[in-house]
Amino acid sequence: MVRNVFHALLILCFLLPVSLAAEPLAKELFGAKRDGSEHSSAPYGSYAKGCLAGGAQLRETGSTWQAMRLSRNRNWGHPDALEFIGRLSQFAAKQPGWNGLYIGDISQPRGGPMLTGHRSHQLGLDIDIWMRPATDLKLSRSERENISSISMRRAKGAFVNKKWTKQHHAILRAAAKDKDVARIFVFPGAKVQMCKDEKGDRSWLRKIRPWWGHHYHFHVRLNCPKGAKGCVEQLEPPAGDGCKAAQEWVDNILNPPPPDPNAKPAKPRREYVLADLPKQCTRVLSR
């Protein structure tokens, strides 16, 4: 009897790692879905660990926007995100030299982790908006695959370059003042430039947060929709306009601090499996 139990446990020890390794990654499950789920729209979880029920697809072309890189199939989001794009693109279309906005990644059809790229964009509430002025809103699908945005940074992001305009400032200000917006990520030099240029109400600057990259596009993050009990809000930005902190980012770019010899190497991030996500995400994948 004891011998049989020992053999059973031994077999289980060999089989268990294999079964765990064979469990599909969440990004593979969500990346395989080509359309939204048959549910009412609702985000579940957090921006970097969640999913989207009832995702809505942004039309490829609107009167004041175009969705870019259509082959990625990432022009899906919560209805609040699509309504925001409509509002902001209409404002952008009134700016000199702009006819609207070029929209980059929003989310996959059912949100969740992506096969490549972003760690966030999992709830359909994150939107990448190109820095390139949308002058032509009649681009073909092929053109949208090959055209690129333009970088606004100089000196590794410490400053804006000559392509930065008053219109960029105005569009970012309009986005930050929108009641549905939680925060906006841009490269540090852009935040510092906006701090220098803004002569009126500065309260909106609190939502503009410096972050690495984000010089070809700016990243808008919306608040959880009202009544979305399964959605986890990000903490509010620190009090104040954030200009001093942004200047510190720039100072560190220009004069990088010496590496900490006692710093421990970062642990590699583990890929999520479905069990890591909110339980509602299993239902989101089901139909």
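Any read-out appearing in this document is the output of simple, stated calculations on the displayed coordinates, not a laboratory observation. Keep in mind it's a predicted model, so treat the numbers as computed, not measured. Backbone-built Cβ (ideal geometry, glycine too); neighbour counts: all protein chains shown.
One table, with the values for the structure above:
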read-out: Simple spin-label estimate for GLN167 and THR135 in nanometres, 7 Å along Cα-Cβ; value: 0.9
read-out: Selection of chymotrypsin sites (Phe, Trp or Tyr not before Pro), segment 112-204, meeting DSSP coil and at most 15 other Cβ within 10 Å; value: none
read-out: Listed residue (LEU172, PRO259, PRO96) projecting farthest to the positive dipole end of the chain, Cβ model; value: PRO96
read-out: At least 15 Å along the helix axis (C-alpha) and Kyte average at least 1.0, DSSP helices within the chain; value: 2-22
read-out: Distance cut-off 17 Å, percentage of C-alpha pairs in segment 76-198 lying past it; value: 61
read-out: Computed [θ] at 222 nm, helices only, for the chain once each DSSP H run of length n ≥ 4 contributes -39500 (n - 2.57); value: -9500 deg cm²/dmol
read-out: Two-site label geometry, LYS177 and LYS279: point separation in nm, points 7 Å out along Cα→Cβ; value: 4.5
read-out: Karplus-derived 3J(HN,Hα), 6.51/-1.76/1.60, for each residue of segment 141-146, Hz, glycine and proline x; value: 4, 5, 4, 6, 7, 9
read-out: Size of charge dipole - segment 120-172 - debye, nearest 20, with Cβ of Lys, Arg +1 and Asp, Glu -1, no other charges; value: 380
read-out: Farthest positive-ward along segment 43-255 dipole, Cα basis, beta-carbon charges - from PRO79, VAL220, SER120; value: VAL220
read-out: Relative contact order %, segment 138-269, counting alpha carbon pairs below 8 Å whose residues are six or more apart; value: 28
read-out: Which listed pairs, of LYS138/LYS196; LYS94/LYS207; LYS49/LYS163; LYS138/LYS163; LYS94/LYS163; LYS162/LYS199, have C-alpha distances above 25 Å, in listed order; value: LYS138/LYS196; LYS49/LYS163
read-out: Trypsin sites (Lys or Arg not before Pro) within segment 208-284: DSSP coil, no more than 12 neighbouring Cβ in 10 Å; value: LYS226, LYS229, ARG269, ARG270, LYS279
read-out: Candidates GLY112, GLY55, GLY97: whichever shows maximal mean-square fluctuation once the chain is modelled as a Gaussian network with Cα springs under 10 Å; value: GLY97
read-out: Long-range HN-HN contacts of ARG153 with modeled amide H, under 5 Å; value: ASN161
read-out: Residue order, fewest to most beta carbons within 10 Å, for GLU248, GLU198; value: GLU248, GLU198
read-out: Binned Cα-Cα distances of the chain, short to long, each 5 Å bin given as a whole percent; value: 1, 5, 11, 14, 15, 15, 13, 10, 6, 3, 2, 2, 1, 1, 1, 0, 0
read-out: Label point distance in nm, LYS267-GLU145, each placed 7 Å from Cα along Cα→Cβ; value: 4.1
read-out: Set of segment 204-223 residues, backbone N closer than 18 Å to the point 7 Å along the Cα-Cβ line of ASP251; value: 210-211
